[in-house]
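Note sheet for the following structure.
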Amino acid sequence: MPLHAKDSIREMIDDDIYASSDLSVCLPKYTFPKVEHESRHVYQAVHDELMLDGNSRQNLATFCQTWVEPEVHKLMDECVDKNMIDKDEYPQTAEIEARCVHMLADLWNSPEAENTLGCSTTGSSEAAMLGGMAMKWRWRERMKAQGKPTDKPNMICGPVQVCWHKFAKYWDIELREIPMEQDRLIMTPEEVIKRCDENTIGVVPTLGVTFTCQYEPVKEVSDALDKFQEETGIDIPIHVDGASGGFLAPFCDPNLEWDFRLPRVKSINASGHKFGLSPLGVGWVLWRTKADLPEDLIFRVNYLGGDMPTFALNFSRPGGQIVVQYYNFLRLGHEGYRRIHQACYETAQAVAQQIAEMGPFEIIYNGLGGIPALSWSLKSGEDHPFTLYDLSDRLRIRGWQVAAYSMPAHREDLVVMRILVRHGVSRDLGEMLVNDMQTCVEYFKRNPVTKPLESAGYCH
Ligand SMILES: Cc1ncc(COP(=O)(O)O)c(C=O)c1O
């Protein structure tokens with residue numbers, strides 16, 4: 001082609017993505033596109049748009065994994081076409097899921113680790129729904145057997161993650177959530193027992209409370225429920241929300257009794273994609289023994305071939321996260337998980353120490369007795385030239401996402417900031433964050449915020 005003719009067919013020449021006919025104009029945003037676009041162009045456009053999201057590695061508000069090994073990327077890619085629900089078509093993925101359940105049953109000290117039941121889920125929220133449903137079903141069976149009414153179930157918990165509010169609403173259960181009171185930010189056995197009666201389907205302690213990162217005292221609550229049963233004859237089971245702690249305590253706090261070592265703990269949920277170190281989209285729920293999951297809740301379908309038992313709220317979903325969970329179990333083992341989490345605990349404690357030394361902050365949680373995280377508030381009784389919302393906003397300039405939020409019912413007055421120290425939040429990154437915080441504090445001293453962002457209509 002003569003060079004001078006190039007202009008007339010410029011639109012067809014794909015030597016530059018951004019000068020292409022696809023990308024030199026705006027792509028459709030809210031109406032369904034009428035024509036096809038070149039895959040290379042669309043990929044670039046979508047890729048570029050994603051740059052505007054925060055950098056997940058600097059998102060210190062999330063509990064979820066934001067760094068994975070290259071092998072994990074490979075396995076995820078290899079599994080992109082596998083539907084984990086189709087156990088007849090992908091029997092090996094199903095086998096891997098079953099192995100994970102038994103490995104977790106072993107990790108959580110089930111007396112029947114080889115035979116007990118459990119399943120993968122999309123995360124702890126779905127797992128909580130399944131654990132909660134099983135509690136409701138078992139309670140209803142017990143009540144029916146005694147000829148008692150079954151219209152007023154209740155559940156007792158401390159300050160729980162929103163999934164339990166959803167569970168209570170969707171399944172019509174009265175949620176007896178123990179409110180925080182002054183310095184008591186989690187459940188105590190006394191507060192639990194005050195709320196128990198024969199309509200209590202179960203008690204749900206959290207191992208790693210979302211707001212404060214502390215472990216609730218599962219053993220103490222279990223002991224108190226034993227005593228309550230001796231006195232009243234009412235037998236109330238425990239489901240542990242181990243969203244974070246389920247993958248921490250077994251490795252870093254092996255003597256803490258919170259799992260199936262306690263006969264009253266009938267089921268446990270945990271997020272594989274949090275401290276289980278798998279990519280987003282996997283959780284687990286397990287029952288202490290087979291008998292603890294009512295058979296009535298298991299559905300069997302045969303139209304995909306074979307006889308397929310399912311107990312899940314979802315149906316089709318990808319198998320990659322489960323396969324990678326298995327990879328992690330084999331890759332890391334007990335020792336690997338312990339080393340990774342221990343490094344995170346040490347970083348959390350070091351960062352907490354440095355933040356305490358800055359002056360304006362009071363450490364609420366320093367990474368001891370819960371998950372690898374820290375939280376702090378502004379010292380009370382002092383005048384500060386900024387709020388924690390201002391600080392959170394200013395840290396965003398350097399890309400850090402550090403949540404600032406108020407506590408739930410009864411302690412809404414307490415505003416805190418929290419950092420989750422996960423795999424990939426290195427000591428160096430922690431140090432850089434502390435330096436940036438120090439710079440922000442100095443900035444606010446020179447430029448006090450006269451109008452707090454909250455009253456200026458700032459949305460957080
Ligand atoms: C204690 C607790 N339970 C449940 C959940 C929900 O977990 P997922 O995001 O895996 O659904 C979370 C999430 O942060 C949590 O911290």
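Below are the figures for this structure:
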read-out: Hz values of 3J(HN,Hα) by residue in the range 182-197 - Karplus curve (6.51, -1.76, 1.60), Gly and Pro given as x; value: 6, 8, 8, 9, 9, 6, 10, x, 4, 5, 5, 4, 3, 9, 7, 7
read-out: Length gained when the stretch Val162-Lys290 is fully extended (0.36 nm per residue, less Cα-Cα span); value: 43.3 nm
read-out: Cleavage-rule hits (chymotrypsin sites (Phe, Trp or Tyr not before Pro)) in the range 9-69: DSSP loop, at most 10 neighbouring Cβ within 10 angstrom; value: Tyr30
read-out: For Arg331, net neighbour charge (Lys/Arg +1, Asp/Glu -1) across residues whose Cβ lies under 15 Å away; value: +1
read-out: Separation between Cα centres of the range 242-282 and the range 173-214, rounded to whole Å; value: 18
read-out: Residues Phe247, Phe315 arranged by fewest to most Cβ contacts within 10 Å; value: Phe315, Phe247
read-out: Cα gyration tensor category, rounded, prolate or oblate, for the chain with a/c compared to 1.5; value: oblate
read-out: Sequence of Thr212, Thr122, Thr289 once ranked by neighbouring C-beta atoms within 10 Å, starting from the fewest; value: Thr289, Thr122, Thr212
read-out: Euclidean distance of C-alpha centroids, the range 28-85 and the range 409-429, integer Å; value: 26
read-out: Theoretical FRET efficiency, 1/(1+(r/R0)^6), r = Cβ-Cβ of Asp223 and Thr310, R0 30 Å, to 0.05; value: 0.25
read-out: Simple spin-label estimate for Tyr18 and Lys169 in nanometres, 7 Å along Cα-Cβ; value: 4.5
read-out: Distant-in-sequence amide H partners of Thr210 (H built 1.01 Å from N, under 5 Å); value: Gln161
read-out: Separation of the Leu52 and Thr439 label points, Cα + 7 Å toward Cβ, nm; value: 2.5
read-out: Chain lengthening between Glu181 and Lys144 when straightened (0.36 nm per residue, less Cα-Cα); value: 9.6 nm
read-out: All aspartates and glutamates inside 17 Å of Lys445 as judged from Cα atoms, apart from same-chain residues fewer than 8 positions distant; value: Glu357, Glu382, Asp383, Asp390, Asp393, Asp436
read-out: Spacing of the two label points (7 Å from each Cα toward its C-beta) at Asp151 and Glu198, in nm; value: 1.7
read-out: Which of His423, His239, His165 has the fewest Cβ neighbours within 10 Å, and the rest in rising order; value: His165, His423, His239
read-out: At most 15 other Cβ within 10 Å, DSSP loop - trypsin sites (Lys or Arg not before Pro), the range 361-408; value: Lys379
read-out: Number of Lys pairs (Cα under 15 Å; 8 or more positions apart or on different chains) in the range 86-244; value: 9
read-out: Distance cut-off 22 Å, percentage of C-alpha pairs in the range 343-446 lying past it; value: 25
read-out: Residue-averaged 222 nm ellipticity for the chain, from DSSP H runs of 4+ at -39500 (n - 2.57), nearest 500; value: -11500 deg cm²/dmol
read-out: Antiparallel bridge percentage (DSSP; both residues within the chain; nearest 5); value: 65
read-out: Percent of Cα pairs exceeding the 17 Å cut-off, where the set is the range 18-167; value: 80
read-out: R0 of 51 Å, Cβ-Cβ distance Arg99-Lys29: FRET efficiency to nearest 0.05; value: 0.70
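Rule-based calculations on the coordinates, nothing more; no lab input. Computed from a predicted structure; not experimentally measured. Note that we place each Cβ from the backbone using ideal geometry, even for glycine, and neighbour counts take in every protein chain shown.
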